[in-house]
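Everything on this sheet refers to the single structure shown next.
Every number in this text was worked out from the coordinates using simple rules, so none of it is lab data. Bear in mind that the values here come from a model prediction, so they are computed numbers and not experimental data. For neighbour counting, all protein chains shown are included, and Cβ atoms are generated from backbone atoms with ideal geometry for every residue, glycine included.
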């Protein structure tokens with residue numbers, strides 16, 4: 001099934017094309033700007049789910065702290081935007097003009113040192129990739145070199161998510177506290193709030209997502225990807241074959257972290273704020289369910305899973321707010337007990353064979369109807 | 001930071017903070033005991049543990065309200081009934097969970113984690129629907145209120161002493177059950193070698209179910225005790241779950257003594273730091289220290305050496 005050295009097999013290419021069709025053509029044409037922005041926000045979570053497919057589905061490392069990396073990426077972006085929004089002219093009424101408003105409220109009179117470099121966009125973009133990447137490397141190196149894995153790793157990452165949330169909430173003078181960084185306005189003088197900017201940002205987000213999907217596919221189809229799977233299934237045999245298991249795990253974890261960070265940065269841009277409520281334990285575990293619903297082994301499934309769960313969440317919490325948690329809880333249990341391979345598993349077990357049977361007699365191999373149907377579940 | 005206080009004042013501060021830490025320690029130990037049994041002995045991560053505790057707290061609340069309105073004469077001793085009821089309710093729900101959920105997932109520990117998280121969300125929402133989103137408090141009988149003066153600068157609250165006494169009692173009982181009783185021997189046998197335990201005639205499924213039930217039941221008692229020092233809301237359990245897991249992991253998963261030692265060091269560190277800086281920073285520093293130590297010594301304080 002897996003072909004060597006290419007980045008995707010034929011059916012996967014069709015799947016990617018279908019997803020592209022859905023995200024680039026169908027949704028922008030059918031949804032108004034508000035809903036499109038909402039989809040863009042959901043897609044930022046899909047980056048996290050994508051990373052989880054790599055590190056959990058393929059690598060067998062369940063991180064319950066992906067919110068940490070989502071948050072780090074988001075906060076880096078938000079710090080840049082916040083600095084631009086609080087230029088001396090905009091903040092004339094403060095007792096210290098030129099620093100973010102929440103610092104002024106907390107009697108801080110000078111921009112802290114670690115905020116200074118975020119005046120530069122280049123530095124910010126580098127930081128979005130490097131800060132979470134290095135952080136993940138440190139955690140990964142400390143844990144995997146000592147052969148800590150599985151549930152222990154899950155608990156430790158969860159603790160880290162808790163620590164970071166408490167830290168952000170506690171240090172409100174430096175981070176904006178529980179409210180986070182709000183009122184982000186412009187990116188290099190370009191206003192990110194009006195409708196047309198939101199449409200542009202949506203497409204930027206989709207482009208980044210496809211970039212990440214491409215990287216994920218490359219990793220999956222390389223030798224590296226197969227070592228990851230081998231490691232998940234029989235770690236000791238891989239170790240005895242001479243591979244450094246720890247290094248591969250660190251790599252997968254770092255990639256997942258960077259994906260999550262890019263998602264976080266896109267989130268800050270599209271939604272216009274960043275707060276600790278996307279960092280802690282609850283959002284981190286919720287992000288795992290996106291990957292699980294989509295199918296923990298399916299890269300595209302992660303995107304569909306994220307969209308599905310979030311659409312369900314939005315429509316449920318609009319009409320029956322008290323039922324949503326029952327639904328989400330049930331989803332966790334159902335996805336684990338009844339269909340561990342998620343939507344992607346259902347698709348390849350039940351829908352695809354029928355479609356193939358439907359298509360083959362007419363024209364062998366031609367699969368455009370396939371593509372349309374695949375777009376359907378996310379609608 | 002010590003400059004403003006005299007020596008005797010500092011001494012009193014440390015004693016009082018130390019005592020506040022002991023109350024926190026008791027709550028941690030009670031929560032961690034159940035978890036140490038479930039996680040340490042069975043290897044199952046139960047993310048809904050906090051909710052089992054809150055179930056116990058709500059049962060206590062219900063009992064208190066019932067006794068107060070129908071049998072006011074017995075109000076001073078209602079607490080012992082409530083605790084038994086909390087144990088039974090949480091334990092029964094725990095056994096049901098094991099039967100419906102956990103037993104299908106023994107080979108997939110990470111999936112257990114997700115499934116029990118789902119269960120915790122459902123329970124939280126159920127609590128919210130039944131008892132409302134607001135926190136409820138239990139009225140304590142008269143003899144538990146007030147505090148005991150030891151010197152003129154040091155006094156300790158009575159309910160704290162009661163909770164601590166309770167903790168000691170339950171810990172001793174658990175240690176006896178696990179290490180001395182026939183059933184405890186079966187539990188340890190199943191943990192160490194499931195197949196062999198089955199081969200010598202132990203009903204491993206029944207042992208699993210009872211172990212899980214016992215762990216959840218102790219969580220219920222912990223919740224019951226928790227009502228004496230704090231109020232209960234639908235999401236209170238979630239606040240403690242990470243701390244409790246860290247207590248168990250830090251202590252070394254399979255070691256009861258380790259759990260107690262780590263609960264002691266964590267709670268003492270936190271409550272002593274809390275006096276000198278904001279509560280959130282105290283927590284951050286405590287947790288960071290634990291995580292850092294765990295990165296250097298992943299097996300925890302007291303590791304049980306098992307040949308695999």
Could you work out which residue, out of B:90, B:267, B:12, moves most in a Gaussian network model of chain B, that is, has the largest mean-square fluctuation with Cα springs under 10 Å? B:12
Least to most buried among B:135, B:98, A:89 (fewest other Cβ within 10 Å first): A:89, B:135, B:98
Using only the alpha carbons of chain B, determine the length spanned along each of the three principal axes and report them from longest to shortest in whole angstroms. 65, 54, 36
Looking only at other chains, what is the average number of their beta-carbon atoms within 10 angstrom of each beta-carbon in A:323-335? 6
When A:322, A:286 are ordered from fewest to most other Cβ atoms inside 10 Å of their Cβ, what list results? A:322, A:286
Gaussian network model of chain A, Cα within-10 Å springs - most flexible of A:175, A:157, A:91: A:91
Please tell me the relative contact order of region B:30-116 in percent, rounded to the nearest whole number, where contacts are Cα pairs under 8 Å and at least six residues apart. 38 percent
Give the average, rounded to an integer, of partner chain Cβ atoms located within 10 angstrom of each Cβ in A:269-282. 1
Between residue A:352 and residue B:108, what is the FRET efficiency for a Förster distance of 30 Å, r being their Cβ-Cβ separation, to the nearest 0.05? 0.75
Whole number please: convex hull volume per residue of the Cα set in the protein assembly as shown, in Å³? 195 Å³
Which whole-number percent gives the relative contact order of region A:10-378, counting Cα pairs below 8 Å spaced six or more residues apart? 32 percent
Whole-Å distance, taken between Cα centres, linking region B:248-294 and region B:47-85: 29 Å
Rounded to the nearest 500, what is the 222 nm mean residue ellipticity of the protein assembly as shown from helices alone, with -39500 (n - 2.57) per DSSP H run of 4+ residues and division by all residues? -22500 deg cm²/dmol
How tilted is helix A:223-233 with respect to the longest principal axis of chain A? Cα atoms for both, answer in degrees (0 to 90, nearest 10). 80 degrees
Determine the relative contact order of chain B: mean sequence separation of Cα pairs under 8 Å and six or more apart, normalised by residue count, in whole percent. 35 percent
How far is helix B:279-296 tilted off the main Cα axis of chain B, in degrees rounded to 10, range 0 to 90? 40 degrees
Projected onto their principal axes, the Cα atoms of region B:142-246 stretch, largest extent first, over whole-Å spans of 63, 31, 26
For chain B, longest principal axis from Cα atoms; helix B:256-276 axis from its Cα atoms; angle between them, nearest 10 degrees, is 30 degrees
In nm, give the distance between the simple-model label positions of residue A:186 and residue A:122, each being 7 Å from the Cα along the Cα-to-Cβ direction. 2.2 nm
Stokes-Einstein diffusion coefficient for region A:10-378 at 4 °C in a medium of 1.567 mPa s, Rh from the Kirkwood formula over Cα pairs: what value in µm²/s? 60 µm²/s
Between residue B:100 and residue B:196, 0.36 nm times their residue separation minus their Cα-Cα distance comes to what? 32.0 nm
Give, in nm to one decimal, the length gained when the segment between residue B:154 and residue B:81 is fully stretched (0.36 nm per residue of separation minus the Cα-Cα distance). 23.0 nm
Ranking of A:357, B:128, B:108 by count of other Cβ atoms within 10 Å, fewest first: A:357, B:108, B:128
By its C-alpha gyration tensor, with a ≥ b ≥ c as the square roots of the eigenvalues, how is region B:218-308 shaped: rounded for a/c under 1.5, else prolate for a/b larger than b/c, else oblate? oblate
